[in-house]
Amino acid sequence: MKLFLIFHINICFSSIEESERKQVIKRCYWPLLNLIQELKIPVGIEASGYSLEEIKKIDPEFIKKLKFLIKKKYCELIGSGYSQLIGPLTPSKISDYNLKIGNKIYSKYLKTNPKIALINEQAFSAGIVDNYLDNGYKTIIMDWDNCFKSNIEIKKKYFFFPQKVSSSTKRRINVIWSSSILFQKFQRFAQSEIGIDEYINFIKSKKLNNKNSSMCIYASDLEAINYRTKRYKAESKIEKSEWNRIKCLIKKLLEKNFIFIKPSGALNSNRNKYSFNNLEFKNPAFPCLTKKQQKYNILRWAVTGRNDNKINSYCWKIFYHFKRNNIKDLNHWKKLCYFWSSDFRTHITLKRWKNYLKQLNLYIKKINFKHEKYKASKVNKYRNISLKKYQEKIYIKGKHIEILLNPKRGCSIEKFYDKRVSNNYLFGFVPHGYYEDISHGVDFYSGHLVIEPLGKHKITDLFKINHRIKNWKNGLIVSSFFKNNFGKFGKDIIFDNKNSKIGIKYNINFKKNINGSIRLSHITLNPEIFKKDLYYQTHNGGKIFEKFNLNQKSFDHGEAVSHLISANQAIGLTENLVNLGDKSKKICINIDRNFDAQVGMISFKKVNKKNFFRLYFSVKEHDDTSRYIKNFNTKVVTWISANKSNHK
């Protein structure tokens, strides 16, 4: 059986200080090159453009040696891009620049143009494939374990052969597989947690009796071998060089008649029923795939960390500043790719975090970007709007849309109508008792806030709240404000009669840290009119919508994985849009990037033949990367409208 190895060079590794980089090159990077030359086994080496630039500053001889080994075909360069950014969470244009700039650096430093790319952090969506194809890549490397889990059509034997995966535009790219289970087992062997016989028996147990089959036994961090980041207290100590253990392992595998190939060698498989099958990933429960176990999901780079929400918000604002001003200079786009790197969003050290914020703030001042925000205007009463109050509720009727608000429940949206689309309300309130299942025996609201601190009671704005109604150039704004022991909360329901849409604005200022989730602007569809052929569509790093059809299987992206991991999935909203609908109608939601970033979460459940279909947004979640955030503040605006659906 054929085996291959891919070592991922990441000098920007989150929990390694910049002062440690010289040691990392000495202890991790050089031994790999020496091993390749000594044993003459082909190996894949993946590195970001940023890593190559930084290594060249510290140890230019390493770059020369790597270039030599690639030229002699002792090893194969695997592409990454300039920085290790998360494709399903960033706009398509940024991913395109990231790959372009990375390719320029590969050509400049190593005189090669890789045709195979390892998906950054193995964070995959169908939308990101087009950018790889557009930048000359023919093959991507993806994590098998979560792909297999998310797609029931994949057969187990597909793992040992190359396949094809479809983009959101129906283009196809080759895929070869890595495996979280396999790379974690390799690390355990390297770090002396298991012995050589146990490891080889494990590999034998995975072996497929087919001479054309292949298996990747490692595709992960080079910094995890022969170095400790001091991230975890339980990290094992390095007693002897871990490279000696790896050398012994490779020799033993060769003795057992295993053959080592380059990653590209996995593509040289004779076509059979288990190879080059066309795969699609459209599971609504898994819109964005990653590597490792479920705790390691897309949210760790979106709304956790030391304050991912805030730095992502700045990156988005810089991005739109570039677009408005038609910025062409690659150096600016390169800088933004750097700011969007995944490593600043997980276990970044405090020293590096402070340095990152300093760089980011200086850059923002340098480019002097500005953005517009809506303001309540002092105007006369807006025409063509009917405003009524009855039974302590607020009814606003415009030219096409109508809303019913409940001030006794935080000015939540009880009913939203667009009579051009349906005579029934489209989303709003579903009362207790509607679902004949005790697990859903509660009231379900729309347009509200839910905060869930770890180990404590929920905090919501679903109580009687003082409000005032203001005139606005496009309609009316219903404003409310409240505070509690945690901080201050402002909320506006914006009735835009001119554009037939409503907005929900939240302004949250915490004076205390809350370890947990902050979710808001819930939209609960009317189950009486959204009954079948349901779907949602959004962008997860792609140029066009990815559509996810809902079936009978229930899921909730915001369901906790454990007491430490507050959610399991999210949608990227990378073009700011998400639609919820059926064959005849849809709710259209647009988040305003002039304000802070949000990610979306979908919940769908079949409850005794009735549908529960809801979208909500998150600005903060909790996981193993989360750190204390003093004075967490955020402002978000979400616009909602309705339209006819043209989906078949």
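The values are calculated or read from the model by the stated rules, or taken from the named source; none is laboratory data. Source: prediction; values computed, not measured. Here the Cβ positions follow ideal geometry from the backbone for every residue, glycine too, while neighbour counts run over all protein chains shown. SASA here: full protein model, heavy atoms, side chains in, ligands and nucleic acids out. Shrake-Rupley method; radii C 1.70, N 1.55, O 1.52, S 1.80 Å.
The single residue among Asn466, Asn471 that is closer than 23 Å to Lys393 by Cβ, surrounded by fewer than 11 Cβ atoms within 10 Å (Cβ to Cβ) and of a type in the set (S, T, N, Q) turns out to be Asn466. On the stretch given as the stretch 486-511, residues that are under 27 Å from the mean Cα position of the chain (by Cα) and either part of a loop (DSSP other than H, G, I, E, B) or without any contact (Cβ under 8 Å) to a residue 40 or more places away in the chain (or both) total 0.
Here Phe613, Phe632, Phe604 are screened, and the one residue that is open to solvent by less than 10 Å² (accessible area, probe 1.4 Å) and modelled with pLDDT under 95 is Phe632. Kindly indicate whether Lys93 is more than 30 Å from Leu577 (Cβ to Cβ), outside any strand (DSSP E or B) and either without any contact (Cβ under 8 Å) to a residue 24 or more places away in the chain or open to solvent by 10 Å² or more (accessible area, probe 1.4 Å) (or both). No, not satisfied.
Of all residues in the stretch 100-116, exactly one satisfies the criterion of being closer than 25 Å to Asn312 by Cβ and buried (at least 24 other Cβ atoms within 10 Å of the Cβ), namely Gly102.
On the stretch given as the stretch 144-160, residues that are buried (at least 16 other Cβ atoms within 10 Å of the Cβ) and either of a type in the set (S, T, N, Q) or farther than 24 Å from Arg271 by Cβ (or both) total 4. Applying the criterion of at least 2 residues that are modelled with pLDDT of 95 or more, surrounded by 16 or more Cβ atoms within 10 Å (Cβ to Cβ) and more than 34 Å from the chain's Cα centre (by Cα) to the strands (runs of 3 or more DSSP E) found wholly in the stretch 364-443 leaves 393-397, 401-406. Considering only residues in the stretch 42-62 that are open to solvent by 10 Å² or more (accessible area, probe 1.4 Å) and more than 14 Å from Gly102 (Cβ to Cβ), the one that is farthest from the chain's Cα centre (by Cα) turns out to be Glu61.
Considering the stretch 223-242, and only residues there that are open to solvent by 20 Å² or more (accessible area, probe 1.4 Å) and in contact with a Lys or Arg (Cβ under 6 Å, 6 or more places away or on another chain), the residue that is modelled with the lowest pLDDT turns out to be Glu235.
Checked against (1) open to solvent by less than 20 Å² (accessible area, probe 1.4 Å); (2) farther than 30 Å from Asn515 by Cα, Pro284 passes all but condition (2). Scanning for something in a strand (DSSP E or B), in contact with a Phe, Trp or Tyr (Cβ under 7 Å, 6 or more places away or on another chain) and open to solvent by less than 80 Å² (accessible area, probe 1.4 Å), does the stretch 184-193 turn up at least one residue? Checked the stretch 184-193: no residue is in a strand (DSSP E or B), in contact with a Phe, Trp or Tyr (Cβ under 7 Å, 6 or more places away or on another chain) and open to solvent by less than 80 Å² (accessible area, probe 1.4 Å).
In the stretch 273-297, of all residues being touching a Ser or Thr at 6+ places or on another chain (Cβ under 8 Å) and hydroxyl-bearing (Ser, Thr, Tyr), the one that is nearest to Ile181 (Cα to Cα) corresponds to Tyr296. Spot the failing condition for Ser517; the list is (1) open to solvent by 10 Å² or more (accessible area, probe 1.4 Å); (2) assigned to a strand (DSSP E or B), and only one is missed. Evaluating Ser517 over (1) open to solvent by 10 Å² or more (accessible area, probe 1.4 Å); (2) assigned to a strand (DSSP E or B) leaves (1) as the failure. Just one of the listed residues (Ser213, Ser178, Ser220) is more than 21 Å from Cys288 (Cβ to Cβ) and either touching a Ser or Thr at 6+ places or on another chain (Cβ under 6 Å) or open to solvent by less than 10 Å² (accessible area, probe 1.4 Å) (or both), namely Ser213.
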